[in-house]
1. Go ahead and run the numbers for FRET between A:Asp92 and B:Val31, Cβ-Cβ distance against an R0 of 25 Å, rounding to 0.05.
2. Counting only protein heavy atoms and using a 1.4 Å probe, what share of the accessible area of the protein assembly as shown belongs to carbon plus sulfur, as a whole percent?
3. Would you mind giving the three semi-axes, in whole Å and largest first, of the ellipsoid equivalent to the range B:50-95 according to its Cα gyration tensor?
4. Calculate how many DSSP beta bridges within the protein assembly as shown are antiparallel, expressed in % of all such bridges and rounded to the nearest 5.
5. Using only Cα atoms, what Kirkwood radius does the range A:1-69 have, in angstroms?
6. Compute from the Cα atoms of chain B the Rg and the Dmax, the latter being the longest Cα-Cα distance, and quote both in angstrom.
7. Find how many whole Å separate the alpha carbon centroid of the range A:13-73 from the alpha carbon centroid of the range B:60-82.
8. Total accessible area buried between chains B and A, 1.4 Å probe, in Å² to the nearest 100?
Amino acid sequence: MKRIKISKYIKKEHIKFINSVKKKDALKEMWKIIADKPEIGDPNELYKKFIEREKIMSTGIGAGIAVPHVKLNSVKDFVIAIGISKNGIKFDSLDGKPVHIIIMIAAPAHKHAEYLKLLAQIVLILKNPELRKKIIRSKNEDEIFELLNNK
Amino acid sequence: MYQVIIFVYDEKYLEDIMTALTAIGTYEAFVVEGLNMANVLAFNVPIFAGLRAELKQSPKFCRIIFTFIDDKETIEELFEAIEDSGINNKKKKIFSIVYFPVEKLE
């Protein structure tokens with residue numbers, strides 16, 4: 001089995017409904033979910049890198065999804081945060097539409113191959129419009145966790 | 001090991017197919033721009049200029065991805081990943097994949 005399951009990387013406590021409406025605020029709100037986790041060596045560097053990455057090109061890939069992601073030496077293992085915005089966030093997305101699902105990835109620098117596979121798998125899974133709708137309409141974090149379980 | 005060649009006929013789906021390849025761990029590949037032979041004939045070979053009228057029927061876009069994949073199981077995973085991306089090749093011919101075993105790679 002070459003494909004990876006994103007459920008392996010998802011923790012229920014890293015899933016949150018977020019209230020920000022602006023991109024920078026949303027990134028900060030997401031970053032706060034993971035900043036104090038033991039895998040994150042330098043939280044300030046991590047935040048700075050997320051902002052820098054967005055300057056290269058928005059990680060709002062369209063269809064209401066954003067996948068801010070960085071790879072750093074100071075990150076010891078993969079950490080993922082999932083944010084859901086019921087109202088949508090202005091994210092400079094490729095299709096110009098507001099973002100409702102944010103999947104933030106902090107990855108260790110030396111796990112490049114796994115990083116690429118994880119990114120690709122997340123994009124493939126969220127291509128499914130039905131799943132996206134279900135995630136956005138979820139009433140709580142448990143429902144979202146169940147939807148992504150086994151994916 | 002298998003040599004895998006993917007022909008993509010619709011620009012809209014090139015990204016999805018490359019994402020599917022990445023999901024199975026294949027990112028060492030070459031993407032080559034192709035030309036539909038009917039187009040080349042119609043515009044470069046005078047005797048076939050009459051084909052120009054029929055070109056609306058034939059697809060103009062073609063990208064060819066060359067890569068190697070370790071085993072058949074992974075190739076099956078590629079098909080699944082492409083399907084997961086929402087591509088329905090039965091409805092409309094979006095891609096073709098050919099693969100064959102490689103005896104020796106140096």
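The values are calculated or read from the model by the stated rules, or taken from the named source; none is laboratory data. If you're wondering where the values come from, they're calculated on a predicted model, not measured in any experiment. Positions of Cβ are generated from backbone atoms using ideal geometry, with glycine treated the same way; all protein chains shown enter the neighbour counts. Please note that ligands, DNA and RNA were not included when accessible areas were found on the heavy atoms of the full protein model with its side chains. Shrake-Rupley method; radii C 1.70, N 1.55, O 1.52, S 1.80 Å.
1. After rounding, the FRET efficiency stands at 0.40.
2. Values: 7660 of 14400 Å².
Result for the protein assembly as shown: 53 percent of the exposed heavy-atom area is carbon or sulfur.
3. 30, 14, 7
4. Antiparallel bridges: around 75 percent, rounded to the nearest 5.
5. Details: mean 1/r = 0.0736 Å⁻¹.
Final number for the Kirkwood radius of the range A:1-69 is 13.6 Å.
6. Considering chain B through its Cα atoms, Rg and Dmax are 16.0, 47 Å.
7. 32 Å
8. 1300 Å²
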